[in-house]
Protein chains: 2
Amino acid sequence: MTDTTATATEAARPSYEPTERTVPTRSRERASYDRELVHSILDEGYVCHLGFVRDGAPVVLPTLYGRVGERLYVHGSTGSRPLRAAGRGEDAPGLPVCLTVTHVDGLVLARSAFHHSLNYRSVVVHGTARPVTDPEELRTALDALVDHVVPGRSADSRPGNAKEIAATAVLRLDLTEVSAKVRTGGPNDDPEDAGLPHWTGVIPVRRAYGAPVPAADLAPSIPLPDYLAAL
Amino acid sequence: MTDTTATATEAARPSYEPTERTVPTRSRERASYDRELVHSILDEGYVCHLGFVRDGAPVVLPTLYGRVGERLYVHGSTGSRPLRAAGRGEDAPGLPVCLTVTHVDGLVLARSAFHHSLNYRSVVVHGTARPVTDPEELRTALDALVDHVVPGRSADSRPGNAKEIAATAVLRLDLTEVSAKVRTGGPNDDPEDAGLPHWTGVIPVRRAYGAPVPAADLAPSIPLPDYLAAL
């Protein structure tokens, strides 16, 4: 059985296998290993927080990412340090990383300060990130990064040329050791606080887009495309 | 000169002192050590990504935080592992962490896939997080965590009682080794791409709040307070 087959079999399973470090020590009821849930959380975002160890100390950098099947691609522009640490070429040792994506869905306002919370969805991926060197895979990764930011955008932009592709620094991280964590619902106040005079409930939070600002040199004849107007 | 005086003198300086690890290897023109800028970025958020090292590997968890002067307080609810690792009591060794806060301000859509980018503001804090043990400081920290989520909320909720304060797990991280990174403005396409037929510009991104959802047991006589309606 080849690696490819193994990956395909693995990807067909509905859940990721929990490991010691993907099982939380608290709020276990919020943890999930459901593959579809993990994919949906990842696909809604485009900025992850990438953690790695440098000189024994932790470093966390915000970085663009994209997903293609069971692979994440992480952009190197903010992270030449992790890219250098991951090494070069197919035999590079790679870099142990923790990649985390978080969406805040609501502010949970309890009657007591102590029970204030957030509704959120997050995904934490552990693994070893390796530099992408194959030009075809780099193209795929670059498209995925662009399409995560705006779905459909890679088809409406000039594709990377050979020079740009060679200058595109991307790390690959397989989705193997993965968990999601989700909180939903209202506040969990203590029963004895029910009579307090404070407003309690949830304020929904979402990402919103403002009116597009055309570049200074955009020709007036070029209209805003539908996929951008739809945002 | 006591430690307190030293901190006060330090806090009066307009900038944080750059260190080897707060000077980026790329896009240095985007880096800043300006204290007011750092504070403003931190004060606009309430979720950080906290990185630490566990068994030699990086871990990044989304966590609530609040700022009081030159101190950050990090909530322990999602992080009993870092809290345990930081130790207990005033003599605890503490936990080396990297705390990162990121705001996305815009999608930068260039004509070429390669030049797509984001406008953003981020702060990265390196240091050693230590458990807060003093009850008064725990109260201050709990108020700061609540007020970061909604300014003014701590005054409109029941304060923590002795039992809750004792159960509040908070780490403190001093703002000493700190940097901000900011990208603003439009796309930076190559001049030879100026004639391409793709829409180019910036889509502003912001955080938006939906209509408040009252808790199921909220008395109808309790109105939505002004500070929540203002969101």
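Look at region B:114-142: where a residue is acidic (Asp, Glu) and a partner is crowded, with 23+ Cβ neighbours inside 10 Å, sitting 6+ places away or on another chain with Cβ atoms under 9 Å, you get B:Glu137/B:Tyr73; B:Glu137/B:Val170. Specify the residue that is farthest from B:Ser122 (Cα to Cα); the eligible residues are those in region B:36-47 that are open to solvent by 30 Å² or more (accessible area, probe 1.4 Å) and part of a helix (DSSP H, G or I). Residue satisfying both the conditions and the ranking: B:Glu36.
Residue-by-condition table, conditions (1) modelled with pLDDT of 95 or more; (2) closer than 27 Å to B:Asp43 by Cα; (3) touching a Lys or Arg at 6+ places or on another chain (Cβ under 6 Å):
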{"site": "B:Asp91", "(1), (2), (3)": "no, no, no"}
{"site": "B:Gly94", "(1), (2), (3)": "no, yes, yes"}
{"site": "B:Val101", "(1), (2), (3)": "yes, yes, no"}
{"site": "B:Val104", "(1), (2), (3)": "yes, yes, no"}
{"site": "B:Leu109", "(1), (2), (3)": "yes, no, no"}
{"site": "B:Ser112", "(1), (2), (3)": "yes, no, yes"}
{"site": "B:Asn119", "(1), (2), (3)": "yes, yes, yes"}
{"site": "B:Val123", "(1), (2), (3)": "yes, yes, no"}
{"site": "B:Gly127", "(1), (2), (3)": "yes, yes, no"}
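Taking the residues in region A:1-35 that are within 14 Å of chain B (Cβ to nearest Cβ), closer than 11 Å to A:Ser179 by Cβ and surrounded by 14 or more Cβ atoms within 10 Å (Cβ to Cβ) as candidates, determine which candidate is modelled with the lowest pLDDT. Across region A:1-35, the extreme among qualifying residues is A:Pro24. In region A:158-183, the residues that are farther than 18 Å from A:Val125 by Cα reach residues that are assigned to a loop (DSSP other than H, G, I, E, B) and of a type outside the set (Asp, Glu) with C-beta atoms within less than 6 angstrom, at least six apart or across chains, in these pairs: A:Arg158/B:Arg111; A:Arg158/B:Leu196; A:Ala169/A:Gly76. Of the residues in region A:215-223, not one is within 23 Å of the chain's Cα centre (by Cα), modelled with pLDDT of 95 or more and open to solvent by 10 Å² or more (accessible area, probe 1.4 Å). In the set (1) open to solvent by less than 20 Å² (accessible area, probe 1.4 Å); (2) at pLDDT 95 or above, A:Gly79 fails one condition alone, (2).
Which residues, taken from region A:189-205, are part of a loop (DSSP other than H, G, I, E, B) and either open to solvent by 90 Å² or more (accessible area, probe 1.4 Å) or within 7 Å of another protein chain (Cβ to nearest Cβ) (or both)? Of everything in region A:189-205, those that are part of a loop (DSSP other than H, G, I, E, B) and either open to solvent by 90 Å² or more (accessible area, probe 1.4 Å) or within 7 Å of another protein chain (Cβ to nearest Cβ) (or both) turn out to be A:Ala194, A:Leu196, A:Pro197, A:His198, A:Trp199, A:Thr200.
Taking the criterion of being in contact with a Cys (Cβ under 8 Å, 6 or more places away or on another chain) and among the polar types (S, T, N, Q), would at least one residue in region B:129-143 satisfy it? No - not one qualifying residue is present in region B:129-143. Out of A:Ala155, A:Ala166, A:Ala216, A:Ala208, one residue alone is part of a strand (DSSP E or B) and either at the interface with chain B (Cβ under 10 Å from one of its Cβ atoms) or in contact with a helix residue (DSSP H, G or I) (Cβ under 9 Å, 6 or more places away or on another chain) (or both). It is A:Ala208.
Scan region A:159-183 for residues that are open to solvent by 40 Å² or more (accessible area, probe 1.4 Å) and not aliphatic (A, V, I, L, M) and the total you get is 6.
For every residue, the table says whether it meets (1) open to solvent by 20 Å² or more (accessible area, probe 1.4 Å); (2) at negative phi.
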| site | (1), (2) |
| --- | --- |
| B:Arg84 | yes, yes |
| B:Asp91 | yes, yes |
| B:Gly94 | no, no |
| B:Thr102 | yes, yes |
| B:Ala113 | no, yes |
| B:Asn119 | no, yes |
| B:Arg139 | yes, yes |
| B:Asp143 | yes, yes |
| B:Ser157 | no, yes |
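Residue check: A:Phe52 meets all listed conditions (1) open to solvent by less than 20 Å² (accessible area, probe 1.4 Å); (2) touching a Ser or Thr at 6+ places or on another chain (Cβ under 8 Å) but one, namely (2).
The values are calculated or read from the model by the stated rules, or taken from the named source; none is laboratory data. All values reported here derive from a predicted model rather than from experimental measurement. Methodologically, a virtual Cβ is constructed for each residue, glycine included, from the backbone with ideal geometry; neighbour enumeration extends over all protein chains shown. These area figures cover heavy atoms from the full protein model, side chains too; ligands, DNA and RNA do not enter into them. Shrake-Rupley method; radii C 1.70, N 1.55, O 1.52, S 1.80 Å.
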